[in-house]
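Chemist: Below you will find the structure I want to go over with you.
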Amino acid sequence: MQLYRGMDIGTAKLPVEERRGVPHHLLDVLDPTEEASVAAYQMAARQAIEGIESRGAVPLLVGGSGLYVSSVIQQFSFPGTDAAVRARLEEELATLGPGILFARLTELDRYAAASIGPHNGRRIVRALEVIEITGKPFGSGLPEDEPPWREASIIHLQAPRAELVQRLDARAAGMWEAGLLDEVTRLRERGLGTTASRAIGYAQAIAELDGELTTAEAIEQTAALTRRYARRQVGWFRRYAATVYDYDDPDLVASALLQIRQD
């Protein structure tokens, strides 16, 4: 979601003044009315990586969304799209909700359903679209039998579960304290696309502004969804052989840099 201009508070986007002059790529590259896609991100990220390498520097891919990160370093290929099929499925999602579509996906491709989960309506729609177009399972697993696009040093940061939950809950509350409702109000005036309006925190802020949730309910729902998303992140990245560091290790940066040099 940090791809989107103006979506700063709800995505915890690093302010320019805190980037210490280090170039950050693929931030603020889309208007909130545009739809993000893994295929487009893969292409843009790989172009950025090649540009960084051509300048003699080492690119750092930080995330985030497991699918987006994996699409860059693994040999992902993406089936085409069908506007009519997509529109029909989007209409079903809007009228029936994700539960019905998720049940359908479970019948057609239980592995994809287990990977996506019952709450990510956009990815459920995409999986059903691919199945309908190709007549084959969505195949949401990684192409593990193929060599990676680039060899990479993979580093995981970990925190004790109780501490992580506390930090995630504090982040959710802090978004409201930092002015998320004002940010969402400004974004709605300019227009919000489907992807942006369904993002964790933004969907809840919209519901509060529309009188559907109280502030406390919006914050709690955001915190719960963030905790669930964090669990899915951990599960996704377990498939990679990675070096694990404690996030507060005082030697973290030095150790990580040494690992990158050795790899």
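Bear in mind these aren't lab numbers, they're just calculated from the coordinates by the rules spelled out. Because the structure is predicted, anything quoted here is derived from the model rather than measured. Every residue, glycine among them, receives a Cβ derived from its backbone with ideal geometry; neighbour counts consider all protein chains shown.
Chemist: With an 8 Å Cα cut-off and a minimum separation of 6 or more residues, compute the relative contact order for the chain in percent.
Modeler: With pairs under 8 Å counted, the relative contact order is 22 percent.
Chemist: Let me ask something else. Taking the highest mean first, how do the peptides 26-34, 94-102 order by number of other beta carbon atoms within 10 angstrom per residue?
Modeler: 26-34, 94-102
Chemist: Taking only Cα atoms and a 10 Å spring cutoff, compute GNM fluctuations for the chain and point out the largest among Glu53, Glu35, Glu183.
Modeler: It is Glu53.
Chemist: Continuing with the same structure: Given the convex hull of the Cα atoms of the chain, what is a quarter of its surface area in nm²?
Modeler: 15.4 nm²
Chemist: Let me ask another. Which of the DSSP-defined H helices in the chain satisfy a minimum axial length of 18 Å, computed from C-alpha atoms, and a minimum mean Kyte-Doolittle hydropathy of -1.0?
Modeler: Taking the DSSP H segments of the chain (at least 18 Å long, mean hydropathy at least -1.0), we get 38-54, 83-96, 121-134, 161-177, 215-237.
Chemist: Give me Rg over Rh for the stretch 83-134, both radii from the alpha carbons and Rh done the Kirkwood way, two decimal places.
Modeler: Ratio of gyration radius to Kirkwood radius: 0.92.
Chemist: Among 57-64, 217-224, 169-176, what's the highest-first ranking by average C-beta atoms within 10 angstrom per residue?
Modeler: The most tightly packed comes first, giving 217-224, 169-176, 57-64.
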